[in-house]
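Engineer: One structure, as structure tokens, below. Some questions next.
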Amino acid sequence: MATTTMSSAPGGHRKRSSVSSKLLQRWIMYCVAAFCIILSLAVILGGAAVLAIFLAYRPRGPRLDIPTATLNAAYLDSPGPSLNADLTFLANLSNPNRRIDLKFSYLQIDLYFQSTLIATQAVRPFAERRGESVLRNVDMLSSEVALPPDAANAWQNGTAPGGDGVSLRLMGKFRTRMVIGGWLRYTYWARVHCDLMVGPPPAGALLGRQC
């Protein structure tokens, strides 16, 4: 009896493999599309939530005011010239928000004359409830700070007896946490500044300010 051996056609196997590959690619495309849609919806909903919170609470950063300041001492050493000075002031840091508490974990105040940093001082951390203000006495000391010649001349003329005084800038950098509604917390860096005009030492009274 003659026996006939039948073998499967190679073309049929390749066809089934091609169909499976296309189905896998289509499934991957559907998954990627679904992920993109979900991610887009999450971004839209997150943005809407942030906008709703902003409109409901209207968060505002802290405000700095300097009601009093005194230039107690100031002189220039030569050669250099190098500045030595002592400035004290009362800092009034207020929370203007009606429904948001503020917490300050790091506070640094820098003192500039013209474009030169002449003193830096840290302030103890504290917290403020909505609408509150905190007063802090701050003493800024400059020791052997090198000044450019033009800045040294301006300082010498402004602080001489009968001089018109000197213009100083206070720059505050505060690590601030907003507590919104008692449950939502947002931490950021707040930056504030005040321009001061103080008279010659030792009286060195505050002649003007803009914060």
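Every number in this text was worked out from the coordinates using simple rules, so none of it is lab data. Every value quoted in this text rests on a predicted model; they were computed, and no experiment measured them. Heads up, the Cβs are rebuilt from the backbone with ideal geometry, glycines too, and the neighbour counts pull from every protein chain shown.
Engineer: May I ask you to order 21-33, 199-211 by the average number of other C-beta atoms within 10 Å around their residues, highest value first?
Structural biologist: Listed from highest to lowest mean packing, they are 199-211, 21-33.
Engineer: Kindly write out, for segment 185-193 in residue order, the coupling ³J(HN,Hα) from the Karplus curve 6.51 cos²θ - 1.76 cosθ + 1.60 (θ = phi - 60°), rounded to whole Hz, with x marking Gly and Pro.
Structural biologist: In residue order, the calculated couplings are 10, 9, 10, 7, 9, 9, 10, 9, 8 Hz.
Engineer: How large is ³J(HN,Hα), in whole Hz, for each residue of segment 195-211 in order, when computed from phi with the Karplus curve 6.51 cos²θ - 1.76 cosθ + 1.60 and θ = phi - 60°, using x for Gly and Pro?
Structural biologist: Per-residue couplings from phi come out as 9, 10, 10, 10, x, x, x, x, 5, x, 5, 6, 9, x, 8, 8, 10 Hz.
Engineer: Output needed: Cys residues of the chain lacking any neighbouring Cys C-beta below 4.7 Å, sorted by number.
Structural biologist: C31, C36
Engineer: Still on this model: Once phi is turned into θ = phi - 60°, what whole-Hz ³J(HN,Hα) does the Karplus curve with 6.51, -1.76 and 1.60 give for every residue of segment 110-123, x standing for Gly and Pro?
Structural biologist: 10, 10, 10, 10, 6, 10, 9, 6, 10, 6, 9, 9, 8, 10
Engineer: About its Cα centre, what dipole magnitude does segment 107-174 give when the only charges are +1 on Lys and Arg Cβ and -1 on Asp and Glu Cβ, stated in debye to the nearest 20?
Structural biologist: 380 debye
Engineer: Separate question: Let's see if you can work this out: charge +1 on each Lys and Arg Cβ, -1 on each Asp and Glu Cβ, no other charges. What is the dipole magnitude of segment 63-210 about its Cα centre, in debye to the nearest 20?
Structural biologist: The calculated dipole for segment 63-210 is roughly 1160 debye.
Engineer: On the principal axes of its Cα set, how long, how wide and how thick is segment 83-211? Give whole Å, largest value first.
Structural biologist: 55, 24, 19
Engineer: Charges on Cβ only, +1 for Lys and Arg, -1 for Asp and Glu, centred on the Cα centroid of the chain; of I28, T120, A73, which one is farthest towards the dipole's positive end?
Structural biologist: Positive-most Cα among the choices belongs to I28.
Engineer: Largest first and in whole Å, what are the equivalent-ellipsoid semi-axes of segment 29-142 based on the Cα gyration tensor, each being the root of 5 times an eigenvalue?
Structural biologist: After scaling each eigenvalue by five and taking roots: 46, 21, 10 Å.
Engineer: Test of understanding: what is the full-extension gain from N92 to S167, defined as 0.36 nm times their sequence separation minus their Cα-Cα distance?
Structural biologist: My answer for the length gained is 25.0 nm.
Engineer: Once Lys and Arg get +1 and Asp and Glu get -1 on their Cβ, which of Y188, G199, L111 lies farthest toward the positive end of the dipole of the chain?
Structural biologist: Checked the options; the winner is Y188.
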